[in-house]
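**Q** Input: one structure, supplied below.
The values are calculated or read from the model by the stated rules, or taken from the named source; none is laboratory data. Remember, it's a predicted structure, so these values are computed and weren't measured experimentally. Counting neighbours? That spans all protein chains shown, and the Cβs are built from the backbone with ideal geometry, glycine included.
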Amino acid sequence: MLNKNIPPAKPQLPLQSMTTQPSTSRPVVIWLYTGLVMIIVQILLGGITRLTGSGLSITEWNVVTGTLPPLSETAWLDEFEKYKRTPQFQLLNFDFTLHNFKFIFFWEWFHRLWARLIGIVFAIPFIIFWIRGYFKSPMVKPLLVLFLLGALQGAIGWIMVASGLTGDAIYVKPTRLALHFVFALGLLSYTFWFILQLTVPASSRLANASLHRRVLLVIGVLLFQLMYGAFMAGHKAATAAPTWPTINDKWIPDALFNEQEGLLNFIDNRILIHFIHRGLAYLLVVAIVLLSIRLYKTTGSAWLNHARKWPLILVTVQVLLGIFSVLTSTNIIPGVWGIFEWMAQLHQLVAMLLLLSLVQLLFLIKRNA
């Protein structure tokens, strides 16, 4: 959702627009864009980790010593023995060989390694820019918040993994997976917002309180929808109703609410989760269509004229990918990366891009003059 291909009469490329910003902002913006891309990759790696069932392969959280993978056969066997003590191995993957274990270990290790690299990419340039005086006073607080959000996300990640290492759990708890995912999206959005503050000229922002509220409302619906997408993933719920447009051939499916479960139905009932996730998707489409109509009736800057087209394009692609993900879930083969896994990953990627497109609109349409 970065602004590209802006008409020559009003150059609005993010880095070009910094002619109105302090010259020292340019390397800071490049640094933040690098971090933004790395966060997107990290979230996608989280998706791969989940889809390959790799998330519980590393049973300890060693921030420093866990940087390197096992370097000897003895070290590998030691890690494998630790995994054998987990409920996932004992109840699900009891037939795993060391070769199988190395595969799932790699994806969890790489996911954690990438998180460490993000920390390094943020920390080292931060120190250099601080020493060289690149940071203006208003930039310091948002940067500190970014570091805190990143650290919090790492802690939530371990809390999530720990939820699948005891009792009879063979996967992490869906609620903690959803929390991990939503906080990752928060970190992504905050980083992008900070970039926009450094790149978008003040003259390109439109003051429209009513439209600002509409965009904020759509973002709220989307976040709720993404949370239920995480519940879908955590419960492996796609296979519970691999049909469309109906849910198991019914518009209002059976077993929608189990009275014994009460409110837990909303986070544990796979059919109800399906029903809510799909319903929110349709609501989101309608909301974005109405928002787009309003946006195209509004006169704004070249930035806004370029940004307003993306939510409708992306939500259309997102819905199609969601449908294909559900329909191809019958082709899932454990341990094999197939068409469903590709659809699910693309579904997650487009969800992030859709969120960023709306965050950009929220920034471009401020509440007050």
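**Q** Could you list all residues from segment 267-304 that are farther than 22 Å from residue 216 by Cβ and either aromatic (Phe, Trp, Tyr) or part of a helix (DSSP H, G or I) (or both)? Give the derivation first.
**A** Step one: of segment 267-304, the residues farther than 22 Å from residue 216 by Cβ are 267-275, 278, 302.
Listed by number, the residues that qualify are 267, 268, 270, 271, 272, 273, 274, 275, 278, 302.
**Q** From 74, 34, which residue is closer than 29 Å to residue 188 by Cβ and modelled with pLDDT of 80 or more?
**A** Within the list 74, 34, the selection yields 34.
**Q** Would you confirm whether or not segment 333-342 contains a residue that is small (Gly, Ala, Ser), part of a helix (DSSP H, G or I) and modelled with pLDDT under 95?
**A** Checked against the condition, which is being small (Gly, Ala, Ser), part of a helix (DSSP H, G or I) and modelled with pLDDT under 95, segment 333-342 yields no hits at all.
**Q** OK, next. So, in segment 117-151, how many residues would count as being outside any helix (DSSP H, G or I) and of a type in the set (Ser, Thr, Tyr)?
**A** 1
**Q** Do the conditions hold for residue 181, that is, is it of a type in the set (Phe, Trp, Tyr), touching a residue at least 24 places away in the same chain (Cβ under 8 Å), surrounded by 18 or more Cβ atoms within 10 Å (Cβ to Cβ) and in a helix (DSSP H, G or I)?
**A** yes
**Q** Among the residues of segment 69-99 satisfying the criterion of being of a type outside the set (A, V, I, L, M, F, W, C) and closer than 17 Å to residue 335 by Cβ, which is surrounded by the most Cβ atoms within 10 Å (Cβ to Cβ)?
**A** Of the residues in segment 69-99, the ones of a type outside the set (A, V, I, L, M, F, W, C) are 69-70, 72-74, 78-79, 81-88, 90, 93, 95, 97, 99.
So of that shortlist, the ones also closer than 17 Å to residue 335 by Cβ come out as 83, 88, 93, 95, 97, 99.
Numbers: 83: 20, 88: 23, 93: 20, 95: 7, 97: 9, 99: 7.
Taking the candidates together, the pick is 88.
**Q** Any idea which of 210, 189, 203 is farther than 28 Å from residue 37 by Cα, among the small types (Gly, Ala, Ser) and part of a helix (DSSP H, G or I)?
**A** The match here is 210.
**Q** Does residue 346 fit the bill of being under 21 Å from residue 185 (Cα atoms), surrounded by fewer than 20 Cβ atoms within 10 Å (Cβ to Cβ) and in contact with a Phe, Trp or Tyr (Cβ under 9 Å, 6 or more places away or on another chain)?
**A** It is true that residue 346 is under 21 Å from residue 185 (Cα atoms), surrounded by fewer than 20 Cβ atoms within 10 Å (Cβ to Cβ) and in contact with a Phe, Trp or Tyr (Cβ under 9 Å, 6 or more places away or on another chain).
**Q** Give just the number: which of (1) closer than 30 Å to residue 270 by Cα; (2) over 17 Å from the mean Cα position of the chain (by Cα); (3) surrounded by 14 or more Cβ atoms within 10 Å (Cβ to Cβ) does residue 102 not satisfy?
**A** (1)
**Q** Ok, one more. Please state which one of 354, 346, 361 is within 14 Å of residue 226 (Cβ to Cβ) and modelled with pLDDT of 95 or more.
**A** 354
**Q** Can you name the residue in segment 245-266 that is among the aliphatic types (A, V, I, L, M) and in a helix (DSSP H, G or I) and is also surrounded by the fewest Cβ atoms within 10 Å (Cβ to Cβ) among such residues?
**A** Residue satisfying both the conditions and the ranking: 263.
**Q** Return yes or no: is residue 150 surrounded by fewer than 18 Cβ atoms within 10 Å (Cβ to Cβ), under 16 Å from residue 118 (Cα atoms) and modelled with pLDDT of 85 or more?
**A** So residue 150 fails the test.
**Q** Any chance you could count how many residues in segment 59-73 are farther than 15 Å from residue 114 by Cβ and of a type outside the set (Phe, Trp, Tyr)?
**A** Within segment 59-73, residues that are farther than 15 Å from residue 114 by Cβ and of a type outside the set (Phe, Trp, Tyr) number 9.
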